[in-house]
2 protein chains.
Amino acid sequence: MKVNVNPVKGMRDFLPNEKEIRDYVETIIINTYKQNGFQLIETPVVENIERLLGSKGGENLKLIYKIMKRGEKLDLTRDNLNEVDLADLGLRYDLTVPLSRFYCNNKSKLLPVFKSLQVGNVFRAERAQKGRYRSFKQCDIDIIGEPSKTAEIELIITTAKALTALNVSNFSFRINDRRILKNVVLSCGFNENNFESVCITLDKLDKIGMDGVEKELIKKDFNKENINNIISALKEINLKGTECLTTYGVEKEVAENVSSIISIVKEFSKGKFEIKFDFTLVRGMGYYTGTIFEISYKDLGYSIGGGGRYDEMIGNFIGEKIPAIGFSIGFERLVNELIEENFKVPNLEKGVLLYDDKSDNLSCVLSKAEELRNNGFSITLYKKAKKIGKQLNQLKSFGFTKFAIFENDDTKMKNLD
Amino acid sequence: MKVNVNPVKGMRDFLPNEKEIRDYVETIIINTYKQNGFQLIETPVVENIERLLGSKGGENLKLIYKIMKRGEKLDLTRDNLNEVDLADLGLRYDLTVPLSRFYCNNKSKLLPVFKSLQVGNVFRAERAQKGRYRSFKQCDIDIIGEPSKTAEIELIITTAKALTALNVSNFSFRINDRRILKNVVLSCGFNENNFESVCITLDKLDKIGMDGVEKELIKKDFNKENINNIISALKEINLKGTECLTTYGVEKEVAENVSSIISIVKEFSKGKFEIKFDFTLVRGMGYYTGTIFEISYKDLGYSIGGGGRYDEMIGNFIGEKIPAIGFSIGFERLVNELIEENFKVPNLEKGVLLYDDKSDNLSCVLSKAEELRNNGFSITLYKKAKKIGKQLNQLKSFGFTKFAIFENDDTKMKNLD
């Protein structure tokens, strides 16, 4: 009987070579973050379904994998069954909701300002398409308990360091603030109910241009005057930056906060990377409350990371308002880009010790392998094939760089080339 | 609104200290395995539900977390709904089933004898009890494509090396063969249908003793003569080891295979660890077909690892018989033991740079932190509290070993003690 042996739709098997690159990138990111004072934690991939559905995850809530109740709790005999009756658990769709729960659960065992580092898989039942996965890795740093801009600045410069440690350059940060978005949009005459819809269109500015934005807003049947207002606001903000925001009802403090973050980060970066204010940066999650940011990389049409302030989420759990902010590296996109650029894991020497299966000297072969390992080689035992040339070529194609053929005490490693 | 912030039942949050130990142990194990020629791969935690339910996972099949179908595929209006109609996916209960699928899916891209290393979480909806988790980590090495005892020997000695690298001693291996179990049990008069039930009782010998085994078999209402036969077989095998197995219908080759593995491993171990034949070793998985083994550690009543041959599983996927064997370290039990023994991660120096929030010199603070990091410290930025003594004590209790208070170019690290 033959059965389907593909991984589940949208999820992936990782072969040794790709896994090696992924692990190397992950290690560099983790080490950089640790070096900068972030502490690695771990949360389960499974969360209670009410907790997931009750979070402000925007569109992601529709993409949650729900886990069925088990045993007696699963009642299939009821009338008018609906999904929610049948599930008690779900797979997490991000790392921020679990982190907030983690923080509330372990608050007394953490430093008052907690700098968290979390790396793990998240799951979204997205429509399958190239480069979009249903299980993917995120690398998040978060600072919980720090209301001031220090948190924003630390997250941005530490993320820049992680990218630099991977020899990634040509990246830049875009920054905005949800409060700025809201004030400007409302001051143009739109009402609260249309805010999200207007934002979704503004978000497309770099793809569809000013004309495209205008057309889409007209198509959405918004008031013509409001549309004119927002277009002229866009143009003015584009030109003058954070300077002009107060004329659109933005608090001075909020505008200054963004411009101060930008100037301190610029001073630190010494031109090695860019950071700029981008009024059309929106970000999908409903839980953001203040600063939001994204990393652009080269001329890719998508960001390789992003994040923002979510000062309300923890309060929803424990009824005590605690400021929080996070930055997530989109691991999959970053790794895919690095692989496209032919990224190599440095300095990996892998050796193979070939031995003759017919000989009754397995103990000696094992001892010889140990000896070679003690000389610093990573050694695989492999049975010698009849056609040794063909076998050596095969081994080379699998990334081995050294080989030895077991003979006696004189067995020496040679280069595979 | 206050909500439940505990992790899902049977699953755990890992705080920074415990996470550090876990990651250290995992890294040592992975590096040892890689050094010995095993290649790290990764498979998704989610698998098709039919694939999971169709595997011979014994009792574990009852413990699978099932994921509900999504969108139109979820039909709740049907009559006589049952669980299987509603789920299309599930969480894996071990790493062996995904590995077999992985191998079949990627066979052409792997070496003919594939030495796999896989580390990941598996999920079982067990009844919650101390030390038993519903999400736990396994570290598996497997050799696929090697029918001979070389595979058994490599797995055993490599696992021993991983434990030794963690300074774990006092461990020993027990080895048996499913074919030996079967031949002996059947030769005593039991029939095929009762094989599993007899094995479950034999497995308890070290807990309930020979009398206990006899009583339980009587209670299970087996034929008195068969019970006498198996008890006398137990006693003889206990005394004479593999020597007497052929008198119970075991093939000479099978008996010699086990004793040869034992003698080669002993020669290699030079007395650093024990390995012995144990006829009462059973192991629960239905998919084992030949050699099986477990690691005992000190006088713990449970094993900290185990595995065996599963020469049929891959054949079930692709209709071509391919030999396979695996060894899994029970990561949770091992780590829990190490933590009980007060295991310390070597050589971790963590520093904190305290700065004054009121000062308008964040850029200088950031530069100073960079300077200290470049001197080899891991540095966390932290705002200086009014009561500095109390704050230093708190930081020390969180594992920081060095501190500095930002002043100017002279800022120096001091010991926290």
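Among the numbered criteria (1) touching a strand residue (DSSP E or B) at 6+ places or on another chain (Cβ under 9 Å); (2) away from chain B (no Cβ under 14 Å), which one does A:Phe403 miss?
(2)
Restricted to region B:83-108, and to residues that are within 8 Å of chain A (Cβ to nearest Cβ) and in a strand (DSSP E or B), which residue is farthest from B:Met285 (Cα to Cα)?
Ranking the candidates gives B:Ala87 first.
Could you say which residue among A:Gly319, A:Gly315 is without any contact (Cβ under 8 Å) to a residue 40 or more places away in the chain, more than 28 Å from A:Phe171 (Cα to Cα) and either touching an Asp or Glu at 6+ places or on another chain (Cβ under 7 Å) or open to solvent by 40 Å² or more (accessible area, probe 1.4 Å) (or both)?
Answer to the check: A:Gly319.
For the subset of region A:69-82 comprising residues that are more than 10 Å from chain B (Cβ to nearest Cβ) and in a helix (DSSP H, G or I), which member is nearest to the chain's Cα centre (by Cα)?
A:Lys73
Can you pull out every residue in region B:283-308 that is more than 16 Å from the chain's Cα centre (by Cα), modelled with pLDDT of 90 or more and open to solvent by less than 30 Å² (accessible area, probe 1.4 Å)?
Hits for region B:283-308 are B:Tyr288, B:Gly290, B:Thr291.
Looking at A:Val3 and the list (1) part of a loop (DSSP other than H, G, I, E, B); (2) modelled with pLDDT of 95 or more, which single condition is not satisfied?
(2)
Kindly provide the set of residues from region A:366-398 that are open to solvent by less than 50 Å² (accessible area, probe 1.4 Å), more than 9 Å from chain B (Cβ to nearest Cβ) and either of a type outside the set (A, V, I, L, M, F, W, C) or within 22 Å of B:Lys270 (Cβ to Cβ) (or both), ordered by number.
A:Lys368, A:Leu372, A:Gly389, A:Gln391
Tell me which helices (runs of 4 or more DSSP H) are completely within region B:312-417 and hold 3 or more residues being of a type in the set (S, T, N, Q), or say none if there are none.
B:362-374, B:388-397
When region B:255-265 is examined, which residues are found to be open to solvent by 10 Å² or more (accessible area, probe 1.4 Å) and closer than 24 Å to B:Lys56 by Cβ?
B:Asn257 - this is the single residue of region B:255-265 that is open to solvent by 10 Å² or more (accessible area, probe 1.4 Å) and closer than 24 Å to B:Lys56 by Cβ.
May I ask you to say which residue of A:Thr247, A:Thr242 is loosely packed, with under 14 Cβ neighbours inside 10 Å, of a type in the set (Val, Ile, Thr), touching a Ser or Thr at 6+ places or on another chain (Cβ under 9 Å) and away from chain B (no Cβ under 14 Å)?
None of the others qualify; the one that does is A:Thr247.
Need pairs with beta-carbon distance below 9 Å; first residue in contact (Cβ under 8 Å) with a residue 60 or more places away in the chain and hydrophobic (A, V, I, L, M, F, W, C) and within region B:249-270, second surrounded by fewer than 19 Cβ atoms within 10 Å (Cβ to Cβ) and not in a helix (DSSP H, G or I); sequence gap 6+ or separate chains.
B:Ile262/B:Lys276
Tell me, which residue of region B:1-22 that is among the acidic types (Asp, Glu) and within 30 Å of A:Asp88 (Cα to Cα) is least open to solvent (accessible area, probe 1.4 Å)?
B:Asp13
Just to verify a result, which residue in region A:29-44, among those that are assigned to a helix (DSSP H, G or I) and open to solvent by less than 10 Å² (accessible area, probe 1.4 Å), is farthest from the other protein chains (Cβ to nearest Cβ)?
A:Ile29
Under 6 Å between Cβ atoms, at least 6 apart or on separate chains: pull out the pairs that start in region A:83-102 with a residue that is among the aromatic types (Phe, Trp, Tyr) and end on any residue that is assigned to a helix (DSSP H, G or I).
A:Tyr93/A:Asn60
Picking from A:Leu86, A:Leu99, A:Leu76, A:Leu117, which residue would you name as being open to solvent by less than 10 Å² (accessible area, probe 1.4 Å), modelled with pLDDT under 95 and not small (Gly, Ala, Ser)?
So the residue among A:Leu86, A:Leu99, A:Leu76, A:Leu117 that is open to solvent by less than 10 Å² (accessible area, probe 1.4 Å), modelled with pLDDT under 95 and not small (Gly, Ala, Ser) is A:Leu86.
Could you figure out which of (1) within 14 Å of chain A (Cβ to nearest Cβ); (2) more than 22 Å from B:Ile141 (Cβ to Cβ); (3) in contact (Cβ under 8 Å) with a residue 12 or more places away in the chain isn't true of B:Lys298?
It is condition (1) that B:Lys298 fails.
If a residue counts only when it is under 18 Å from A:Lys266 (Cβ atoms), which helices (runs of 4 or more DSSP H) contained entirely in region A:133-208 have at least 3 such residues?
Where helices (runs of 4 or more DSSP H) fall fully within region A:133-208 and carry at least 3 residues being under 18 Å from A:Lys266 (Cβ atoms), they are A:149-165.
Of the residues B:Phe268, B:Phe277, B:Phe195, only one is crowded, with 19+ Cβ neighbours inside 10 Å, modelled with pLDDT under 95 and in the same structural domain as B:Gly307 (by TED's automatic domain parsing); which?
B:Phe268
Starting from residues that are more than 14 Å from chain B (Cβ to nearest Cβ) and open to solvent by 10 Å² or more (accessible area, probe 1.4 Å), keep the ones in region A:120-170 and report whichever is modelled with the highest pLDDT.
Among them, the one singled out is A:Gln138.
Look through B:Glu26, B:Glu20, B:Glu59, B:Glu47 and report the one residue that is outside any strand (DSSP E or B) and either facing another protein chain (nearest Cβ under 9 Å) or free of Cβ contacts under 8 Å to residues at least 60 places away in the same chain (or both).
Going through B:Glu26, B:Glu20, B:Glu59, B:Glu47 in turn, the sole match is B:Glu20.
The values are calculated or read from the model by the stated rules, or taken from the named source; none is laboratory data. Here the structure is a predicted model, which is why all the values come from computation and not from measurement. With ideal geometry, Cβ positions are generated from the backbone for all residues, glycine too; neighbour counts draw on all protein chains shown. Each accessible area value is taken on the protein alone, full model and side chains, heavy atoms only, with ligands, DNA and RNA left out. Shrake-Rupley method; radii C 1.70, N 1.55, O 1.52, S 1.80 Å.
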